[in-house]
Amino acid sequence: MARSETLISVDAFVRRVTWSRADKLWAIGSTVFYSIPCFALMFAGDPWLIAVLALSIVGFGILNWRMRARDSNRLLAEINEHGIRFREHDTPIPWGSVTLVGLYRSGGGTWSPSRDHVLVQLSDGTRVSHQLDDRLQPHEVRAAVARFAPSVQIEG
């Protein structure tokens, strides 16, 4: 007895931080680049200075590698037919309670860069704002919201 079912499959928009070969090469390259002053001081000839600088280079390399590897697979955004979220531990905000999704760019200044933000306005009047990671573009978020929640107004 065969039963006919129609399954609607809509893939969710999920973006995570990757840790690829290029990222690993970048971590090693940045360690070498920022260690150039230590390499220059190693030519001074003092054995204690050489030992201290060599240990500091190795320590910086391990710290740099660990920081970049820890960030791997972190959730940048998840948008699906049920709701939207930007952090792993948050529950998705259901589309039924969202009235507006705004995308805006905060102005930087002399010392700080400008950043892209997502503003989610809820039906009870509260707002939830999230700063986008540089690896996630606002046009990707806009397209995903338009695809999964066509009734929600998008600004910016």
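The values are calculated or read from the model by the stated rules, or taken from the named source; none is laboratory data. Bear in mind that the values here come from a model prediction, so they are computed numbers and not experimental data. Cβ atoms come from the backbone with ideal geometry, glycine included; neighbour counts cover every protein chain shown. SASA here: full protein model, heavy atoms, side chains in, ligands and nucleic acids out. Shrake-Rupley method; radii C 1.70, N 1.55, O 1.52, S 1.80 Å.
What the table shows:
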item	result
Given (1) of a type in the set (Val, Ile, Thr); (2) open to solvent by less than 80 Å² (accessible area, probe 1.4 Å); (3) free of Cβ contacts under 8 Å to residues at least 12 places away in the same chain, number of the condition ILE84 does not satisfy	(3)
ARG127 being modelled with pLDDT of 90 or more and open to solvent by less than 50 Å² (accessible area, probe 1.4 Å)	no
Spans of strands (runs of 3 or more DSSP E) in region 1-118 with at least 2 residues at pLDDT below 85	98-106
Residues satisfying the stated conditions in region 40-70, i.e. over 33 Å from the mean Cα position of the chain (by Cα) and either among the hydroxyl-bearing types (Ser, Thr, Tyr) or open to solvent by 80 Å² or more (accessible area, probe 1.4 Å) (or both)	LEU41, PHE43, PRO47, TRP48, VAL52
Contacts under 7 angstrom Cβ, first residue in region 136-149 being within 19 Å of ARG115 (Cβ to Cβ), partner among the basic types (Lys, Arg), 6 or more apart	LEU136/ARG15
Selection count, region 130-140, where residues are modelled with pLDDT under 85 and open to solvent by 60 Å² or more (accessible area, probe 1.4 Å)	2
Within region 141-156, tally of residues that are in contact with a strand residue (DSSP E or B) (Cβ under 6 Å, 6 or more places away or on another chain), surrounded by fewer than 16 Cβ atoms within 10 Å (Cβ to Cβ) and of a type outside the set (D, E, K, R)	3
